[in-house]
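*Asks:* Okay, handing you the structure first.
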Amino acid sequence: MPDFRAFCTPATAEPAEITLSPDESHHLVAVNRARPGDTVVAFDGRGTEWICELAADRKNAAVLRVRFRQKMKPPPFEITLGQALPKGPSMDAIVRKATEIGARRIAPLESERTQVHLDGDRSDRKIEKWQVAALEAAKQCGNPFVPEILPVQNARAFMESARGHDLKLIASLAPGAKSLKAVLAAFHAAHGRAPRSALWLIGPEGDFTPAELSAAQSAGFEPITLGPLVLRCETAAVYALSVLSYELS
């Protein structure tokens, strides 16, 4: 059986004991049924893990006794997902899968064909929900790095302001879209190395509009084909992140 995992934010880098939050305590003790003496891996979502023993199985304030601390090495590349908001609960699933695949950050976008529009408190509640989904996925899959969930923003403004990425890619069914392998080969030929950072844009139901695709290309995004079939946006996100992560690993 794999070790139990719990999220924490200790006050110091070298704590002797860690008291978990009520939510984490309840999940560890009541849901996962950890018992005193069990090994628990506490992590801060930024690459630090504390290998612990459950010392007190209180459901609202579980106590972990630290055995040792370890710093996990991040991947040699980072991927940002710019995801136009889909209908229904699909964004929750996209966040979970992106966390499992190892995306470093996720940017929820409102595009011209987005049918979900979030303002004010509703947007804040959604961000909190997606942060919880990312944390749950990180605990389940053992990812020590929880992706950052950026605020909801306009897709075109996001495209125009995107900076600091070796590659900027947009999934596209348009004629002339290139293969990912061709773009990666061209980058390596030009720079003598693999990309260290990449930004993937995935459209909503109905995809980005021609005007948005044109704006993305003007901002330096390469249209990339994900094959001849029309994929659901959640499938496209998982596909795009998976193949890029595989190629960069």
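The values are calculated or read from the model by the stated rules, or taken from the named source; none is laboratory data. Keep in mind it's a predicted model, so treat the numbers as computed, not measured. In this analysis, Cβ positions are derived from the backbone assuming ideal geometry, glycine residues included, and neighbour counts consider all displayed protein chains.
*Asks:* I'd like to check which strands (runs of 3 or more DSSP E) are fully inside segment 35-114 and have at least 2 residues that are among the polar types (S, T, N, Q) and surrounded by 15 or more Cβ atoms within 10 Å (Cβ to Cβ).
*Replies:* Once the strands (runs of 3 or more DSSP E) in segment 35-114 are filtered for at least 2 residues that are among the polar types (S, T, N, Q) and surrounded by 15 or more Cβ atoms within 10 Å (Cβ to Cβ), what remains is 78-84.
*Asks:* Which one of the conditions (1) in contact (Cβ under 8 Å) with a residue 24 or more places away in the chain; (2) on the phi > 0 side of the Ramachandran plot does Val95 fail to meet, given that it meets all the rest?
*Replies:* Here Val95 meets the rest and fails (2).
*Asks:* Let me ask something else about it. If a residue has to be free of Cβ contacts under 8 Å to residues at least 60 places away in the same chain and either aromatic (Phe, Trp, Tyr) or in the same structural domain as Gln140 (by TED's automatic domain parsing) (or both) to count, how many in segment 27-52 make the cut?
*Replies:* 1
*Asks:* Can you tell me which residue in segment 152-189 is nearest to the chain's Cα centre (by Cα), limited to those that are under 21 Å from Phe77 (Cβ atoms) and charged (D, E, K, R)?
*Replies:* The selected residue is Lys168.
*Asks:* Enumerate the pairs (first residue in segment 103-117 and free of Cβ contacts under 8 Å to residues at least 40 places away in the same chain; second residue anywhere and in a loop (DSSP other than H, G, I, E, B)) with beta-carbon separation below 6 Å, excluding pairs fewer than 6 apart on the same chain, so at least 6 apart or on different chains.
*Replies:* Val116/Leu85
*Asks:* Moving to a separate point now. Can you name every residue in segment 151-165 that is in a loop (DSSP other than H, G, I, E, B), surrounded by fewer than 16 Cβ atoms within 10 Å (Cβ to Cβ) and not basic (Lys, Arg)?
*Replies:* Pro151, Gly164, listed by residue number.
Table: residues versus (1) among the polar types (S, T, N, Q); (2) under 24 Å from the mean Cα position of the chain (by Cα).
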site: Ala13; (1), (2): no, no
site: His26; (1), (2): no, no
site: Ala42; (1), (2): no, yes
site: Arg46; (1), (2): no, yes
site: Asn60; (1), (2): yes, no
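*Asks:* I've got another one for you. Filter segment 183-204 down to residues that are surrounded by fewer than 17 Cβ atoms within 10 Å (Cβ to Cβ) and in contact with a strand residue (DSSP E or B) (Cβ under 9 Å, 6 or more places away or on another chain) and give me whichever is nearest to Val95 (Cα to Cα).
*Replies:* Ser197
*Asks:* Suppose we keep only residues that are in contact (Cβ under 8 Å) with a residue 60 or more places away in the chain and outside any helix (DSSP H, G or I) within segment 166-182. Which one would you say is surrounded by the fewest Cβ atoms within 10 Å (Cβ to Cβ)?
*Replies:* Here the residue is Ala171.
*Asks:* Hey, can you tell me all the residues within segment 218-233 that are of a type in the set (S, T, N, Q) and either over 13 Å from Ala157 (Cα atoms) or surrounded by 17 or more Cβ atoms within 10 Å (Cβ to Cβ) (or both)?
*Replies:* Within segment 218-233, Thr225 is the sole residue that qualifies.
*Asks:* In segment 227-241, what residues are in contact with a helix residue (DSSP H, G or I) (Cβ under 6 Å, 6 or more places away or on another chain) and modelled with pLDDT of 95 or more?
*Replies:* Ala237, Val238, Leu241, listed by residue number.
So that you can scan it fast, the table gives a plain yes or no per residue for (1) modelled with pLDDT under 95; (2) outside the structural domain of Thr9 (by TED's automatic domain parsing); (3) within 24 Å of Val243 (Cβ to Cβ):
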{"position": "Ser90", "(1), (2), (3)": "yes, yes, yes"}
{"position": "Gly120", "(1), (2), (3)": "yes, yes, no"}
{"position": "Lys126", "(1), (2), (3)": "yes, yes, no"}
{"position": "Ala137", "(1), (2), (3)": "no, yes, yes"}
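*Asks:* Still on this structure: List every residue pair whose Cβ atoms lie under 8 Å apart, where the two residues are 6 or more positions apart in sequence or sit on different chains, the first residue falls within segment 220-249 and is closer than 18 Å to Ala186 by Cβ, and the second residue, located anywhere, is of a type in the set (D, E, K, R).
*Replies:* Once the first residue is closer than 18 Å to Ala186 by Cβ and sits in segment 220-249, its partners that are of a type in the set (D, E, K, R) give Gly220/Lys168; Phe221/Lys168; Glu222/Lys168; Glu222/Lys178; Pro223/Lys178; Ile224/Lys178; Thr225/Lys178; Glu247/Lys181.
*Asks:* In addition: Anything in segment 190-216 that is under 24 Å from the mean Cα position of the chain (by Cα) and either closer than 18 Å to Gly164 by Cα or free of Cβ contacts under 8 Å to residues at least 24 places away in the same chain (or both)? List them, or say none.
*Replies:* Ala194, Pro195, Arg196, Ser197, Ala198, Leu199, Trp200, Leu201, Ala216
*Asks:* Can you spot a residue in segment 12-33 that is surrounded by 19 or more Cβ atoms within 10 Å (Cβ to Cβ) and charged (D, E, K, R)?
*Replies:* yes
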